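A short write-up of the structure that comes next.
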Amino acid sequence: MKSQEVIIRQMGIEDIPGIIEIEKACFPTPWTHHAFRAEMRNKLAVYQVVETEGKIAAYGGMWLIMEEAHITNVAVHPSFRGRGLGRKVMEALVVEAKKKFSQRMTLEVRKSNTIALELYKSMNFVISGIRPGYYHDNGEDAIIMWKDLATSDFLS
């Protein structure tokens, strides 16, 4: 792999240590190794990783439940931010959701995470509500966002 090449692929068990490193760098309450192993066994879960410079730089996951894709996690390691990798992982998840005939995609995002909010808005997610006190570490509200996959442009 060339140093600047970006590879997007399905996450495997062998990726969990790299994902845990990203979790610890990005979240005050990171998911555990055990939680990700459980996700790998979950038939409803789909996880994608983004590799560049020989490392896992970002990842994202979702649950596919009936006609809905629910984003569970999206994170970019701080060392790799500002390179469009968050968008790449979200685009990969949209593609996978459409392959599985999902009609809608939903997610929650911290009210203070303005960078993620702007990314999701740029991908035609719309704010549909607030979950007060959703985040247990500090009681922060979550913004609920939806995207209609059936009628929107393929990736936008």
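Where a number appears in this text, it was derived from the coordinates with a stated rule and is not lab data. Here the structure is a predicted model, which means the values were calculated and not measured. We place every Cβ from the backbone using ideal geometry, glycine too, and count neighbours over all the protein chains shown.
The residues listed here are Gln4, Gln48, Gln10; of these, the one that is polar (S, T, N, Q), in contact with a Leu (Cβ under 7 Å, 6 or more places away or on another chain) and farther than 25 Å from Asp137 by Cα is Gln48.
Restricted to the range 79-110, and to residues there that are among the hydrophobic types (A, V, I, L, M, F, W, C), outside any strand (DSSP E or B) and without any contact (Cβ under 8 Å) to a residue 60 or more places away in the chain, the residue that is surrounded by the fewest Cβ atoms within 10 Å (Cβ to Cβ) is Phe101.
Summed over the range 31-50, residues that are in a strand (DSSP E or B) and in contact with an Asp or Glu (Cβ under 8 Å, 6 or more places away or on another chain) total 5.
Any residue at all in the range 128-141 that's in a loop (DSSP other than H, G, I, E, B) and closer than 28 Å to Lys55 by Cα? No, the conditions are met nowhere in the range 128-141. Just checking, which of Asn113, Asn138 is surrounded by fewer than 14 Cβ atoms within 10 Å (Cβ to Cβ) and closer than 20 Å to Thr29 by Cα? None of the others qualify; the one that does is Asn138. Scanning the range 22-49 for residues being among the acidic types (Asp, Glu) and over 16 Å from Val89 (Cβ atoms) gives a total of 0. Output the residue which, of all residues in the range 51-92 that are β-branched (Val, Ile, Thr) and closer than 18 Å to Ser122 by Cβ, is nearest to the chain's Cα centre (by Cα). Here the answer is Val74. Of the residues making up the range 116-128, those that are surrounded by 12 or more Cβ atoms within 10 Å (Cβ to Cβ) and under 15 Å from the mean Cα position of the chain (by Cα) are Ala116, Leu117, Leu119, Tyr120, Lys121, Met123, Phe125.
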